[in-house]
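Here's the structure, in structure tokens; my notes come after.
The values are calculated or read from the model by the stated rules, or taken from the named source; none is laboratory data. All figures in this text were calculated on a predicted structure; none of them were measured in a lab. Cβ coordinates were reconstructed from backbone atoms using ideal geometry, including for glycine residues, and neighbour counts include every protein chain displayed. Ligands, DNA and RNA are stripped out before the accessible areas are found, and what is left, the full protein with its side chains, is counted by its heavy atoms. Shrake-Rupley method; radii C 1.70, N 1.55, O 1.52, S 1.80 Å.
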Amino acid sequence: MDAFQVGTKAQAQAVDITRQVDSHVSAAAIEEGAVLVYCPHTTAGIYNNEGHDPDVARDVMAHLEKLVPRDGPYRHMEGNSAAHIRSILTGNGVLVPVSGGRIALGTWQRIFLAEFDGPRTRNVQLHYLSGGGNRVG
Ligand code: ZN
């Protein structure tokens, strides 16, 4: 397993972590396969979506806030149930293909860490799945 940390700066924030993931994949020398980008937290998430226009990430976070308001009829005493629920909606990991030693994203795709209960330091784990040598026939 490989890992790195991300410091978030707001209560709710989408942080583009594509560059960090790609540089770790390059250093790991995985030629073909996939990397599971996993966030071991219950109030943050990981998702893969458009990163070219930063307004998309802002819209995603604003809509999640609208869907799951911070203040609601929640029972959880810690007061961050909205962050737990939003984390379930994004999921806490994405599997990204690796080809030629680099992550193989679509043209507009970027990998984001979604902070829902910041600011704080988050851990991102990278689990490599090597696909080398798998040939059909
Ligand atoms: Zn909690």
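Taking 7 Å steps out from each Cα toward its Cβ at Thr107 and Glu31 produces label points 2.9 nm apart. Against the criterion of solvent-accessible heavy-atom surface with a 1.4 angstrom probe, Glu31, Glu65 sort, most first, into Glu31, Glu65.
By a 1.4 Å probe calculation restricted to protein chains, Leu67 has an accessible surface near 100 Å², given to the nearest 10.
Distances between placed amide hydrogens fall under 5 Å for Gly33 paired with Val98, Gly131, all partners being 5 or more residues away or on another chain. Largest accessible area first, the listed residues Leu129, Leu64 line up as Leu129, Leu64 when surface is computed with a 1.4 Å probe on the assembled protein chains. Extension gain for Leu129-Asp16 works out to 38.5 nm (0.36 nm per residue, less the C-alpha to C-alpha distance). Among rounded, prolate and oblate, which fits the chain when a ≥ b ≥ c are the square roots of the eigenvalues of its C-alpha gyration tensor, a/c under 1.5 means rounded, and a/b larger than b/c means prolate? The shape class here is prolate. By a 1.4 Å probe calculation restricted to protein chains, His127 has an accessible surface near 60 Å², given to the nearest 10. For Ile17, the residues 5 or more places off, or on other chains, whose built amide H falls under 5 Å of its own are Ile111, Phe112, Leu113.
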